[in-house]
Amino acid sequence: ASREIRIGYITALSGPRAEFGASDPWMLEQVRRLTENGLTIGGNTYSVEFLMRDNQSNINRSASVGQELIQREGVDLLLVQDLDASVATGEMSDIAGVPSISTIGPWQAWMYGRGSTPEQGFPYSFTFFWGADDAMGTFPRIWDQIDTNRVVGDFYFDNSAGQAFSDPNIGLPAIMEKAGYSRIDGGRFQLETQDFSAQVSRFKAAEAQIVTGFGFPPHWSTFWAQAGQMGFAPEAATFAGAFLFPSAIDALGDRGNGMSTEVWWTPKVPFHSSLTGQSAAELAQAYEDQSGAQWIQTLGYSHALFETGLAALTASGDPKNPDAVRDAIAALDIATMVGPVNFAGSPIRNVAVTEVAGGQWRKTTGGRHEYDLVITENALAPSIGVEDTTLPLSQLG
Amino acid sequence: MLEVSDLRKSFGRLTVVDGVSTTVAGGECLGVMGPNGAGKSTLFDLLAGATPVDGGTIRLDGRDVTGLPPEIRVQAGIARAFQIPKPFPTLSVREHLVLAASAGQGLRGAALAGQVDEALERTGLGDKAGRTGRELRLLDRKRLELAKALASGPRVLLLDEISGGLTEHEVHALVDLIRGLKSPGLAILWIEHIAHALKAASDRILMLHLGRKVIEDIPDTVTRDPRVRELYLGQAHHA
Amino acid sequence: MRPGILLAVAVVALVLLPFGADRGMLFLASEILVVVALSQAWNLLAGYGGLLSPGHHGFVGIGGYALYVLTRDLPVHPYMAIPLAGIVTAVLGFLLAPILFRLREVYFAVGMWVAAEIFRIVVMRWDYTGGAAGLPLAAARSLNREWMGASAYWLALAVALGATALVWALMRSNFGLRLRALKDDELAARSIGVAPHRVRLAVFVLSVALTGMAGAVSFLSALFITPVAAFDINWMVTIVFVTIIGGIGRISGPFLGAALYFVLRETLAFSSSWYLVALGATAVLVMLVMPGGLAGALDRLLSRKSTMETQP
Amino acid sequence: MLEIRGLDAFYGDFQALFGVDLSLQPGQTLALIGANGAGKSSFLHAICGMTQARGSVRLGDTDLAALPAVGRAAAGVALSPEGRRMFLSLSVRENLLMGANVRRRGPWTLDRVTGLFPILGEFADRPAGLLSGGQQQMVAIGRALMANPALLLLDEVSLGLAPVVAQEVHAALAMLRDQSEMITIMVEQDVNRAIAAGDRFLCLLEGRAALTGPCAGADLDAIGRAYFGEDDT
Amino acid sequence: MIWFETLFSGLTLGGLYALFGLGLSLIFGVMKIANIAHGELVIAGAFLAFAVVDLLPVPLWLLLPLVTMGMFAVGYALQSALVNRVLGDDPLPPLLLTFGISIVAQNLLVEIFGADNRALDPGWLATARIGPVWFPVGLLPLGTLILTVVLFGVLHLGIGHTRWGRIVRATSDDPALVGLFGVKRRRVFAVVMGVSAALAALAGVLLAMRSSVTPFSGVERLLIAFEVIVIGGLGSIWASLLGGLALGLVHVISFRLDPASGLLYGHILLLVILLIRPEGLAGRKVTR
Ligand SMILES: Nc1ncnc2c1ncn2[C@@H]1O[C@H](COP(=O)(O)OP(=O)(O)OP(=O)(O)O)[C@@H](O)[C@H]1O
Ligand SMILES: Nc1ncnc2c1ncn2[C@@H]1O[C@H](COP(=O)(O)OP(=O)(O)OP(=O)(O)O)[C@@H](O)[C@H]1O
Ligand SMILES: [Mg+2]
Ligand SMILES: [Mg+2]
């Protein structure tokens, strides 16, 4: 048998989601250096070859690079850092019998979208990330910290994640109701939507003081500008997906101050890498120093994806045997850059649920960056320290 | 065979065909003449269905064809050779005729080949059957117009200035050809500016001016008519 | 006779490819064949029929979804569902034609594009088709894992060669003559008895049916379908690039265009956006120096060579 | 003066003119005649730069052959084209003003042109496409005059004109001829009328000059034979 | 009240749409070609504005003319260097050429600026409101609408009532003939493409202030621009304004009633209009 392990890595380096993959080339460089001398598994030393593929933010391209990696390159393990790509390649990995691990995408979207259930699971594909319910659960706890009339307007981008977030039974509507918030339904919207005046006027007419939902930065910036123009000024704006990256907040100018969001990872989380021993702050610092860019939330999860993959290969005893690798992933329970990733003890087959906190973007005074993400809520991630309470937007101005 | 009554057509404010009526029987050739812009080609457009009429009726063998689209009229037997030849640039001469015979008359196999060969031979295009429309010179383009019309197995044949650009000699040959086409099953309408040719081939001549019929009679009467001399033939022909 | 034998050998070689090639090559070959089939179908409508459609990606998507929904809800084998997908798209095209054929030129083009958008949004909104989240290929686990790659390849080959043979045969038939005449000059064609609606309807339905089948084949190996993937405008970008660069209105066009397209993609794919820049620049360049595309340039080259050969 | 030597004209591979020579003095009018397709329009097109041509064309001191069409217009060549070619979305006045676009000095102004063709003044604001054929012919001629040309090219002057209108146009042209130094080349289907209107005539046959000479006392029979290419024998 | 707001949003969005369509319809009217790169011209305008404000913080009143002039130059250069070379009887070469340009432009923007969403911060203007308290309207959308109407008016006058406009219309009517009148048609085409690109760029900057753009946003703008000119009808400048306003209204109303269907009702509107009037609302019948 060949003494080389081939690992495929799919991410978005170009296209509309390129920001999610922005740190990946750098990250891969780090991991390559770490595995330069190969891995010793079950007494054999294997050289490690990484094959990174850009899916161009395009789901078709994801499928074809997935095919290419599995069929043409014959990879032993497929790592996927993109929800759309993980859905597209998950089936291939199951059918072709090549183990895959993915991240960055609520696990419900990944599992239900592919027609499976927590009891059933999948033969070869795995994912680790937080769930839509957990992330959404942080939202009412953020709002509880400020004084409002508890009327919330919500609207969602219509994709698989958006469907999970807006699901009436497991999504935000149910969670808000349970937490005692009344809901003004702004519906789902499509990618090409350029106008949110309908939602703004509906929320304004109902005197909603909180806005929430899910979407991408451009959707929010359009909504937020129109809200300003139409004189709608809520006390809290907590929108999943749109405030992940500092650049999205920067793009809002002064009006980005006070946006609140779910937090997957920040340089402040108290976790360490199982590969390098680096702390989160050190990882972010290294990235910022070497790339000149600001840290992004995906930095932690990309790193954890490599950690999980390499740990599984090592634990398998025979990395060239797909079934051994698959069983090793299923038995995995390790501490990573994003906290514990535990497949072994998970009640949901093929899924390890990670922690999620809540935070608020605040304008810094003379710091390195224009905005800073301040942790304000940590019920599901107690190891992440709370820095401040959430402030109402009217106080931040 | 062809009965036309009170045909009208305007483009915007410009009335081009203004209440024209006539009949053409099988075996007959009706010559059509008139100054430039008199509405001759437009009259043919109306007969062939290329433009919708504004008023009036067209009957073929008693059947009203006024509202039918051009392709159905061809199938009914109204075939036309255009004044400005319109060959299909990428089709060969033979393909033009095959198309005309199959689409126009629904012919297949040997009957089709026979009809195509006959049209080629009659128009003297036999040696050019393989050329594409794009390669043809003006004269051959005009011949092809006629050949196409023949291949579609017409009952009414509309010929629009097919002799333009021909030498005297060729015009005589054309007159002979048209005379030879005459048969009880076919009515011919021929627009031509060369008066003597028209006179030689036609049984009657219809003179149009400003979209109206000026006169319709046997050729000798028409060419002697003072209105025709004034409006169309001009002083040169008095000599 | 010689070209005939050559062609037969080429076809046999293509059919036998799965026994010689590894899975990766086979997959690439299937991808190429799908693109050839799509371009040939588009070429039939645009190149021979003169109807430029920027909305064929809509039919790629419908074909793909037909495969997924049919195999989910009916006891149909996925391979059998491919021709059925062609029938579904053909019926849809047939129903749409009365609206679209009222339109001309730009209006027709925009109408086609908008129709594709409507397909996408409806599929996205419809729970029956899985909505925005998409559908897995329910029947995938019933497929033979060993032969999956080869079967997908053979299906792609069948659709591509079928499309090519169909175009070839049509263009040699009476029907092809009518089509060419209509494209050259509609009025003149009607004046010799060609019924434009019937002819156009026929090419339109054939073209979308082939497109649907090619779409179904493509999504067969994807194992998962989403509206975004199925109705991706990039299908159109690829089809237009391949057909026009290759030489629109020529049967060899889609082959030559696909060859260039995949050479570019395979050699430059790693530089992400630069590969697309190169693709666009190629399109610009080809239009500047050989507006007839590769096939046109090749024709001219060959005819020059043959006139040179016949000269003493 | 206009001096043309060995003029060939081409449409792609097709040659429409073969070595035509011509020379005209200021103020002269040439009647250009010939059968359908003889190359009359091609001759005019070759002079004004609308088709590929070879040979020398000099107007006064200017070597026209060296200029593109735009430059020839500026040098004083104006054409009233066959089929009139109105700018359909322009009004009659705007069509006429297009003629003045090259901004050459001279006697012709909007007022003088409408003085020559009063009906054009009346219809100045109508879209030119709505005018009758004869009226359009007047616009085309007026439009060419507006350039104050040194060389006026008139293709098929009386095409589509009622005989009485044609006579008016010819009367106006005759007046022009007597009043100015402008050189005119006129294509006219009616041979008799052409000979009457010109100082010299040139008869083309299949792209070649078949016969040329002064109009005064021209032999109509010889012209007829040259016209149809019949042998004298 | 809500309906007034909807109406207002619809009209202002429609104004922006009309501006997308205006440049496209100009090119189509004059050169009879469909400029596939039109969407990218819109986006390029926005990115040019980003580049300018990144380099030096110019105020808005200076930014707009700077970007407009810059993109005029780009349009002029594109036409004279590339598009002019493929103009002819066959409509396909210009189509594929502009298609190629659009792909190149899109991906060059990605390489230079990255794939991020970017918006232009119009400062205080972003949320400035005027009008009575019971019906405040955003100054930015109102300004956009007014600017659009003014631009349509200017173009209408420029095309219809100036020497330049006469030359453009004459060139459009008969490009082969205008040389005889001393008109260099390639230059006319280049200027027209420049104007079209400038209008597109202006629309792009306004779009970037209203929402945000990525280098990939061109295709959607192109479809909207095509819908605008087809709904309005080809052949008249004002038709684009009509088409834009109609489409904007339908979009906003349908976002209100059924946000999840996105642009569906706009698309259906288009098909219905074309079904009733195959030449668009105010289009001339295509005579063939
Ligand atoms: N589609 C059209 N739109 C507007 N006017 C038209 C149209 N077709 C023809 N005309 C006008 O109708 C009149 C008659 O044209 P027609 O072609 O019938 O004349 P004709 O008698 O055949 O002349 P000729 O002898 O020159 O061929 C002309 O003035 C022409 O300009
Ligand atoms: N654009 C063109 N392309 C190709 N051939 C052309 C073109 N224009 C004219 N010809 C050909 O050139 C020859 C001379 O044509 P031209 O138009 O100069 O003749 P003419 O004497 O003006 O005839 P008419 O009396 O019909 O106007 C003809 O054989 C014609 O077919
Ligand atoms: Mg006529
Ligand atoms: Mg002529």
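Key figures
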| read-out | value |
| --- | --- |
| Dipole axis of the protein assembly as shown (+1 Lys, Arg; -1 Asp, Glu on Cβ), positive-most option in E:Ala197, A:Leu310, E:Val52 | E:Ala197 |
| Global geometry of the stretch E:147-288, whether rounded, prolate or oblate, following the gyration tensor of its Cα atoms and the 1.5 cut on a/c | prolate |
| Where only alpha carbons of the protein assembly as shown are counted, the Rg and the Dmax (Å) | 37.4, 120 |
| Inter-label distance, nm, simple model (7 Å from Cα along the C-beta direction), E:Val150/C:Leu7 | 6.6 nm |
| All-pairs Cα distance distribution in the stretch E:197-259, expressed in whole percent, bin size 10 Å | 20, 46, 31, 2 |
| B:Ala113 versus B:Ile84: modelled label distance in nm, points set 7 Å from Cα along the beta carbon direction | 3.8 nm |
| For the stretch D:1-125, the spread of Cα positions along each principal axis, largest first, Å | 45, 31, 25 |
| Whole-number accessible area per residue in Å² for chain C, which is evaluated in the context of all protein chains at 1.4 Å | 39 Å² |
| Stretchable slack from C:Asp185 to C:Asp127, in nm (0.36 nm times residue separation minus alpha-carbon distance) | 16.3 nm |
| At least 20 Å along the helix axis (C-alpha) and Kyte average at least -1.0, DSSP helices within chain D | D:163-179 |
| Average beta-carbon neighbours from other chains, 10 Å sphere, peptide C:129-138 | 6 |
| Ellipticity estimate at 222 nm from DSSP helix runs (n ≥ 4, -39,500 (n - 2.57)) divided over chain A, nearest 500 | -10000 deg cm²/dmol |
| Probe 1.4 Å - accessible area at D:Cys215, Å² to nearest ten | 10 Å² |
| Size of chain E as Cα extents on the principal axes (Å, biggest first) | 61, 50, 34 |
| Per residue convex hull volume, Cα atoms of the stretch C:22-231, in Å³ | 111 Å³ |
| Nearest-0.05 FRET efficiency for B:Ala25 and B:Glu121, computed from C-beta distance (R0 22 Å) | 0.20 |
| Of A:Lys178/A:Lys363; A:Lys204/A:Lys268; B:Lys128/D:Lys40; B:Lys40/E:Lys32, those spanning more than 30 Å from alpha-carbon to alpha-carbon | A:Lys178/A:Lys363; A:Lys204/A:Lys268; B:Lys40/E:Lys32 |
| Dipole-positive endmost among C:Leu100, D:Leu120, D:Ala100 within the protein assembly as shown (Cβ charges, Cα centre) | D:Leu120 |
| Calculated FRET value between C:Ala97 and D:Glu168, using beta carbons and R₀ = 56 Å, to 0.05 | 0.55 |
| Structure-based [θ]222 nm, chain C - -39500 (n - 2.57) summed over DSSP H runs of at least 4, per residue, nearest 500 | -25500 deg cm²/dmol |
| Helical contribution to [θ] at 222 nm, DSSP H n ≥ 4, -39,500 (n - 2.57), averaged over chain E, rounded to 500 | -23500 deg cm²/dmol |
| At most 13 other Cβ within 10 Å, DSSP loop - GluC sites (Glu not before Pro), the stretch D:171-213 | D:Glu181 |
| Loss of accessible area when C meets B, both sides summed, Å² nearest 100, probe 1.4 Å | 1800 Å² |
| Packing-based ranking, highest mean first, of C:8-15, B:214-221, E:142-149 given that Cβ atoms within 10 Å are counted | E:142-149, B:214-221, C:8-15 |
| Surface accessible to a 1.4 Å probe, B:Phe88 within the full protein complex, Å² | 0 Å² |
| Computed label-point distance, nm, for sites B:Ala129 and C:Val289 using a 7 Å Cα→Cβ extension | 4.3 nm |
| Convex hull volume per residue in cubic angstrom - Cα atoms of the stretch A:39-146 | 155 Å³ |
| Cα-derived Rg over Rh, computed across chain D with Rh taken as Kirkwood radius | 0.95 |
| Gyration tensor verdict on chain A (Cα atoms; rounded if a/c is under 1.5, prolate if a/b is larger than b/c, oblate otherwise) | prolate |
| Cα gyration tensor shape of the stretch C:75-180, rounded if a/c is under 1.5, else prolate or oblate by comparing a/b with b/c | oblate |
| Heavy-atom accessible area order for E:Leu245, B:Leu97, largest first, 1.4 Å probe | E:Leu245, B:Leu97 |
| Test item: C:110-120 mean partner chain Cβ contacts at 10 Å | 6 |
| Using a Förster distance of 41 Å, the FRET efficiency for D:Thr109-B:Glu3 (Cβ separation, nearest 0.05) | 0.15 |
| Using distinct alpha-carbon pairs, which all enter the 1/r mean, Kirkwood radius of the stretch B:89-153 in Å | 11.2 Å |
| Karplus-derived HN-Hα couplings along the stretch C:281-296 (A = 6.51, B = -1.76, C = 1.60, θ = phi - 60°), whole Hz, x at Gly and Pro | 5, 4, 4, 4, 4, 4, 5, 6, 9, 9, x, x, x, 4, 5, x |
| Per-residue SASA entry for B:Val4, accessible area with 1.4 Å probe, Å² rounded to 10 | 10 Å² |
| Axial C-alpha extent at least 30 Å, average Kyte-Doolittle at least -0.5 - helices from chain E (DSSP) | E:2-31, E:92-113, E:139-161, E:185-210, E:237-257 |
| Equivalent ellipsoid semi-axes - Cα gyration tensor, the stretch C:19-70, angstrom | 26, 17, 7 |
| Longest segment of chain B lacking trypsin sites (Lys or Arg not before Pro) that sit in a DSSP loop with at most 14 other Cβ atoms within 10 Å | B:138-239 |
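The values are calculated or read from the model by the stated rules, or taken from the named source; none is laboratory data. Fair warning: this is a prediction, and the values are worked out from it, not measured in the lab. Glycine gets a Cβ as well: all are built from the backbone with ideal geometry, and neighbour counts include every protein chain shown. With ligands, DNA and RNA removed, areas are computed over all heavy atoms of the protein, side chains included. Shrake-Rupley method; radii C 1.70, N 1.55, O 1.52, S 1.80 Å.
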